[in-house]
Amino acid sequence: MITLVILALVGLFLMIAGLFDISRKAVFGVAMTGMVAALAGNLYMWDKVPMAYFNRMILIDNYDVAFITAVLGVSMFLFLLSENYFGKIQNYLTEHYALYMFSLVGMIAMISFNNLVMLFIGIEILSVSLYILAGSEKNNLSSNEASLKYFLMGAFATGILLMGITLIYGASGSFYLSGIEQYFTSGNELSPIAYIGMFLVLVGMSFKVSVAPFHFWTPDVYDGSPTFVTAFMSTVVKIAGFAAFFKLFYICFSSVIHYWVEVVSVLVILTVTIGAMTAITQKSVKRLLAYSSVSHAGYMLMVVLVGADADNLMFYVVAYSISSIVAFSVLMLVQEAAGNAEITSFEGLAKVNPLLGFAMTVSMLSLAGIPLTAGFMAKVYILTSVFNAGHGIVVLVAILTAMVGIYYYFKVIIAIYFKTATEERKLFTYNSSSLFKIVLFIGIIAIIVLGICPDIIHNLI
Amino acid sequence: MMTLIVLFLPFVAALLLSLVKGESVKKIALGFALAELVLALMVLNQYMIDPKALSFTCFWITSLGAHLNIDVSGISMLLVLLTAVLIPLIILSTFKHDYKNPAAFYALILAMSGALIGVFVANDLLLFYVFWEAALIPIYFIAALWGGENRIKVTFKFFLYTVIGSLFMLIGVMYLYLQTNVPHPITFEPHHSFDFDHLVALNLSFQEQCWLFWAFFIAFAIKMPIFPFHTWQPDTYTEAPAAGTMLLSGIMLKMGIFGVLHWLMPIMNEGFYANAKIVITLAIIGVVYASILAIMQKDMKRLIAYSSIAHVGLIAAGLFAVNEQSLQGAVIQMFAHGVNVVGLFFIIDIIESRTGTRDIASLGGIINKAPKLGVLFVIIMLGAVALPLTNGFPGEFLLLNGIFQYNAVLAAVAGLTIILGAVYMLKMYQNVMLGEVNALTEKFTDLTMTEFAVLVPIAAIVIITGIYPQYFLDLTQGDVDHLLKLVNTNIVTIK
């Protein structure tokens, strides 16, 4: 609650601050301080009795605290790398920050919702901010395209989601999770509109977290948006999306799991396969990461499929987010130096700038799920639980696509270490500040430490 | 505790080494490798006194029930010893090369040796899997960074092959894990475990055992490699730098054999027995096929690569014949092959670095210029041919004897390896070392001190273990008996 208020106030303050002449450093400082304060307020709620706010539309327990911490932590991590991104923005700088704050507010509402209306409001606050951020490079055509595409597709998905929520309300007579849960567990014959509502919600949520076959917006939007926004969308937003997705299905619909388990397992299989298969042919690292994020969404969806163990989801999103952020941060620097995000721009990076090369390699290994990295343990946790739930086919498909995944992640590693840079590229200077290096270091160490001792964060919730 | 130090010293050394700059890195790496050898000998000593004191268990991942569980059996002791003996020799053999970025090169070799030792001592299936995969990353980088012309494509093929095999194994690992049901170490609730003892105690149905067998076996077969999973091997051996080839052939392929002995045989013994015939047939096809290909090779490195497939095929056939002779033969041959092949690849590296070619036809008469090399080459080559009184003989004899007990026809076909092996090895020796000195070999200089220091220990091992193999046989006798008991009791129950 206090987290939400702090972030909303900081967002409002930043909007108004745009009227005055405030230095860049101060704006950054305000945003960071706001996030630190919000994080502190959030951590204060840890292990307390679950607290309800706004007519019980928001209910915060350990699950929510953990995911809000992940969202805020990953955003702060990302913001430390934002110097280049924010440095280039000429106009409306404070408004940019305000939009990030508002999107965080939306995510927190999404994670801690106890009422479907709150879920919807959260998703809307988040989405509207993201539509604008995706188009924030005003003079870049593809950024505009990304924004428009995201907006149109997102609006559709929102409509479907809202329709689903309405139908569930029509059947159960409640927007509250507990009311819906009661309706589904009551044992009475369920109304057909409840099922239709459930599937519409499934489609709407799948859309938001880019689960195939509702993922078509993802590559273009991720590719077109500024890389920093892409990193934000594919990590922080994904954490919030899946936290909400899991909570909704775990609490409301787990008693009728036999109605949707097959649908979700098909979605999982489609997502991991399509994500991996389309990533093979990509020549741009940014697009490759976009498709890989689709594939990883499939793994996160597996937690919904199993319908238990939020710890696994937590570990997966953290492992995935850290690895992705490291990858995106290197990508940002390479893109700035080379002018594009092609794999060829990475050739010989290890010689020109060993730290960037090594960081990218570690993050690729982690995304590919090679042992001794966080990505491997994350996959082991999720796949064993899926196997345990009896979905052997899903595990088999996931393993087969992991093989494909290794192929495309290693294309990047091969470019970094084994190809030689062109003369022109050898002279590039990668504009990495010391802050950047520190964050990369922390990222590398976190990936390896989590890969060796995953217990650190796995048993929290 | 001592085993822990042996296991983690190479990793610590690799980390420290990557911080060192300059030429001294070679010597530091050698120092660490020798320290590791001393520790391994201390472990061997301890093993002789009380093997139980060498095992170590503590929590690793409580949420999964995985332990840092290490244990030394006779077979793993032998392989730890092999690793510890070969790594200093391999490092010493690179002294004349000036690799670019030496700190990374030696750090990767040491990290690799640590992961290999981890594979051999892990008694927890997840730990084993992690080390199994961790061993692959350093060797991939060694081969792809310092290798020959086609290295990128070839090593990537190798990497994909082995990773794909490992991922199949991962399915098996998870399945086995989910079948276990033991009290959680802290909460005492029913929980799963990766522990070797718990896995052996599982009651798996025949069908389960059969598919699990293949899930694991493909991973092991690719590593060894057994025909028809071998296609990555000749190219990778040829393209990798000499040290990489030595690591691959000398130690890494033993991971596959060890996996079969330590994990496959005890846990999936019915599946193992049921599929043995197919595997033996494949392995023996591989023996003959690879031997014939070896005869046709023009490149020395490729020749030894194919000969390695033939040798490993015979070892694999011995594993699956499951009797005392064949298992003991497989174990001792594993050690012998590791030593011999490292020696042979080193000799090829010496010849290549002096003449600039590995082409058999264009060389000749080297023995006139380098008698010391000639003598040591002969000894090591005869070891590979399995002449009596060299280390190749006891293993090959026991293997063929064991396979004969299993099936006489297969043993007769496998026996061709003795003839074919002699053909390709002697032909190579004759063409390279004997005959007329030509323009290429005219300026050939004899061994330097460091080269001598590598080859003499190898030749000494070839002869000593050839004359007195009993020491190694005793070391592994207990394990082999134990394995046989496990497999046989279960096979009786199927029959």
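The values are calculated or read from the model by the stated rules, or taken from the named source; none is laboratory data. In this text, all values refer to a predicted model and were calculated from it rather than measured experimentally. Positions of Cβ are generated from backbone atoms using ideal geometry, with glycine treated the same way; all protein chains shown enter the neighbour counts.
Consider B:ALA107 carefully, then state whether it is more than 28 Å from A:ALA378 (Cα to Cα), aliphatic (A, V, I, L, M), in contact (Cβ under 8 Å) with a residue 60 or more places away in the chain and part of a helix (DSSP H, G or I). Considered against the rule, which asks whether it is more than 28 Å from A:ALA378 (Cα to Cα), aliphatic (A, V, I, L, M), in contact (Cβ under 8 Å) with a residue 60 or more places away in the chain and part of a helix (DSSP H, G or I), B:ALA107 comes out as no.
Being modelled with pLDDT of 90 or more and surrounded by 24 or more Cβ atoms within 10 Å (Cβ to Cβ) is a description that applies to B:LEU170.
Let's see how each residue does on (1) farther than 22 Å from A:SER434 by Cβ; (2) acidic (Asp, Glu); (3) surrounded by 24 or more Cβ atoms within 10 Å (Cβ to Cβ); (4) touching a His at 6+ places or on another chain (Cβ under 6 Å):
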| residue | (1), (2), (3), (4) |
| --- | --- |
| A:ASP311 | yes, yes, no, yes |
| A:MET314 | yes, no, yes, no |
| A:VAL317 | yes, no, yes, no |
| A:GLY348 | yes, no, no, no |
| A:LYS351 | no, no, no, no |
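You will find that of B:VAL43, B:VAL80, B:VAL72, the residue that is in a loop (DSSP other than H, G, I, E, B) and aliphatic (A, V, I, L, M) is B:VAL72 and no other. So in the range A:387-396, with the set limited to residues that are crowded, with 17+ Cβ neighbours inside 10 Å and either away from every other protein chain (no Cβ under 11 Å) or over 27 Å from the mean Cα position of the chain (by Cα) (or both), which one is nearest to A:VAL285 (Cα to Cα)? Going through the qualifying residues, I end up with A:VAL394.
To keep it simple, each residue is scored yes or no on (1) farther than 26 Å from B:MET296 by Cβ; (2) exposed (fewer than 15 other Cβ atoms within 10 Å of the Cβ).
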| position | (1), (2) |
| --- | --- |
| B:GLY421 | no, no |
| B:GLN430 | no, yes |
| B:PHE452 | yes, yes |
| B:ILE461 | yes, no |
| B:TYR468 | yes, yes |
| B:LEU484 | yes, no |
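So in the range B:144-165, with the set limited to residues that are more than 10 Å from chain A (Cβ to nearest Cβ) and under 13 Å from B:GLU239 (Cα atoms), which one is surrounded by the fewest Cβ atoms within 10 Å (Cβ to Cβ)? By that ranking, first place goes to B:GLU149. Quick one: which of A:ILE438, A:ILE452 is facing chain B (nearest Cβ under 10 Å) and not acidic (Asp, Glu)? On inspection, the qualifying residue turns out to be A:ILE452. All conditions in (1) without any contact (Cβ under 8 Å) to a residue 12 or more places away in the chain; (2) closer than 17 Å to B:PRO225 by Cβ hold for B:VAL154, with the sole exception of (1).
Yes or no, residue by residue, for (1) among the small types (Gly, Ala, Ser); (2) within 19 Å of the chain's Cα centre (by Cα); (3) under 30 Å from A:THR185 (Cα atoms); (4) surrounded by fewer than 21 Cβ atoms within 10 Å (Cβ to Cβ):
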site	(1), (2), (3), (4)
A:THR218	no, yes, no, no
A:SER225	yes, yes, no, no
A:THR235	no, yes, no, no
A:ILE280	no, no, no, yes
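Determine if the range B:20-40 includes at least one residue that is within 14 Å of chain A (Cβ to nearest Cβ) and at pLDDT below 90. Yes, the range B:20-40 contains a residue that is within 14 Å of chain A (Cβ to nearest Cβ) and at pLDDT below 90. Restricting attention to the range B:46-69 and to residues that are surrounded by 20 or more Cβ atoms within 10 Å (Cβ to Cβ) and in a helix (DSSP H, G or I), the residue that is modelled with the lowest pLDDT turns out to be B:LEU54.
A:LEU59: under 19 Å from A:SER178 (Cα atoms) and touching a Phe, Trp or Tyr at 6+ places or on another chain (Cβ under 7 Å), yes or no? So that I can check it myself, show each step before the final result.
Values: under 19 Å from A:SER178 (Cα atoms): yes; touching a Phe, Trp or Tyr at 6+ places or on another chain (Cβ under 7 Å): no.
No.
Among A:LEU383, A:LEU356, which is on the phi < 0 side of the Ramachandran plot, buried (at least 23 other Cβ atoms within 10 Å of the Cβ) and more than 10 Å from chain B (Cβ to nearest Cβ)?
Of the residues listed, the single one that is on the phi < 0 side of the Ramachandran plot, buried (at least 23 other Cβ atoms within 10 Å of the Cβ) and more than 10 Å from chain B (Cβ to nearest Cβ) is A:LEU356.
Residues considered: B:PHE141, B:PHE120. Of these, the only one that is touching a residue at least 24 places away in the same chain (Cβ under 8 Å), surrounded by 22 or more Cβ atoms within 10 Å (Cβ to Cβ) and within 8 Å of chain A (Cβ to nearest Cβ) is B:PHE141.
Here B:LEU16 meets the list (1) touching a residue at least 40 places away in the same chain (Cβ under 8 Å); (2) more than 30 Å from B:THR180 (Cβ to Cβ); (3) in a helix (DSSP H, G or I) almost entirely, failing just condition (1).
Would you call B:MET428 farther than 22 Å from B:ILE461 by Cα and among the hydrophobic types (A, V, I, L, M, F, W, C)? Outline the logic, then answer.
Values: farther than 22 Å from B:ILE461 by Cα: yes; among the hydrophobic types (A, V, I, L, M, F, W, C): yes.
Taking the combined requirement at face value, the residue satisfies it.
Any chance the range B:81-98 includes a residue that's surrounded by 24 or more Cβ atoms within 10 Å (Cβ to Cβ) and within 14 Å of another protein chain (Cβ to nearest Cβ)? The answer is no, given that none of the residues of the range B:81-98 is surrounded by 24 or more Cβ atoms within 10 Å (Cβ to Cβ) and within 14 Å of another protein chain (Cβ to nearest Cβ).
Here are A:ILE416, A:ILE442, A:ILE382: which of them is of a type in the set (Val, Ile, Thr) and under 19 Å from the mean Cα position of the chain (by Cα)? Write out each step before concluding.
Working: A:ILE416 fails: under 19 Å from the mean Cα position of the chain (by Cα); A:ILE442 fails: under 19 Å from the mean Cα position of the chain (by Cα).
Only one candidate qualifies: A:ILE382.
Conditions tested, residue by residue: (1) assigned to a loop (DSSP other than H, G, I, E, B); (2) under 20 Å from A:PHE228 (Cα atoms); (3) not small (Gly, Ala, Ser).
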residue: A:SER329; (1), (2), (3): no, yes, no
residue: A:MET332; (1), (2), (3): no, yes, yes
residue: A:GLN335; (1), (2), (3): no, yes, yes
residue: A:THR344; (1), (2), (3): no, no, yes
residue: A:ALA350; (1), (2), (3): no, no, no
residue: A:MET360; (1), (2), (3): no, yes, yes
residue: A:LEU365; (1), (2), (3): no, no, yes
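Out of all the residues in the range A:121-133, is one or more of a type in the set (S, T, N, Q) and crowded, with 22+ Cβ neighbours inside 10 Å? Yes, some residue in the range A:121-133 is of a type in the set (S, T, N, Q) and crowded, with 22+ Cβ neighbours inside 10 Å.
Counting only helices (runs of 4 or more DSSP H) that fall entirely inside the range A:399-461 and contain at least 3 residues that are buried (at least 19 other Cβ atoms within 10 Å of the Cβ) and modelled with pLDDT of 90 or more, the qualifying elements are A:434-452.
Yes/no per residue for (1) assigned to a helix (DSSP H, G or I); (2) surrounded by 24 or more Cβ atoms within 10 Å (Cβ to Cβ); (3) over 12 Å from the mean Cα position of the chain (by Cα):
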site	(1), (2), (3)
A:MET205	yes, yes, yes
A:PHE232	yes, yes, no
A:GLY241	yes, yes, no
A:HIS258	yes, no, yes
A:GLU262	yes, no, yes
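Residues in the range B:166-192 that are of a type outside the set (A, V, I, L, M, F, W, C) and either in contact with a Pro (Cβ under 9 Å, 6 or more places away or on another chain) or at the interface with chain A (Cβ under 10 Å from one of its Cβ atoms) (or both): B:SER166, B:TYR175, B:TYR177, B:ASN181, B:PRO183, B:HIS184, B:GLU189, B:PRO190, B:HIS191, B:HIS192. Residues that are part of a helix (DSSP H, G or I) and either more than 20 Å from B:ASP299 (Cβ to Cβ) or free of Cβ contacts under 8 Å to residues at least 24 places away in the same chain (or both) within the range B:359-381 comprise B:ILE367, B:ASN368, B:LYS369, B:PRO371, B:LYS372, B:GLY374, B:VAL375, B:LEU376, B:VAL378, B:ILE379, listed in sequence order. Contact map, the range B:59-72: first residue farther than 16 Å from B:LEU178 by Cα and of a type in the set (Phe, Trp, Tyr), second residue modelled with pLDDT of 85 or more and assigned to a strand (DSSP E or B), Cβ cut-off under 9 Å, separation 6 or more or different chains; pairs are B:PHE59/B:ALA66; B:PHE59/B:HIS67; B:PHE59/B:LEU68; B:TRP60/B:ALA66; B:TRP60/B:HIS67; B:TRP60/B:LEU68; B:TRP60/B:ASN69; B:TRP60/B:ASP124.
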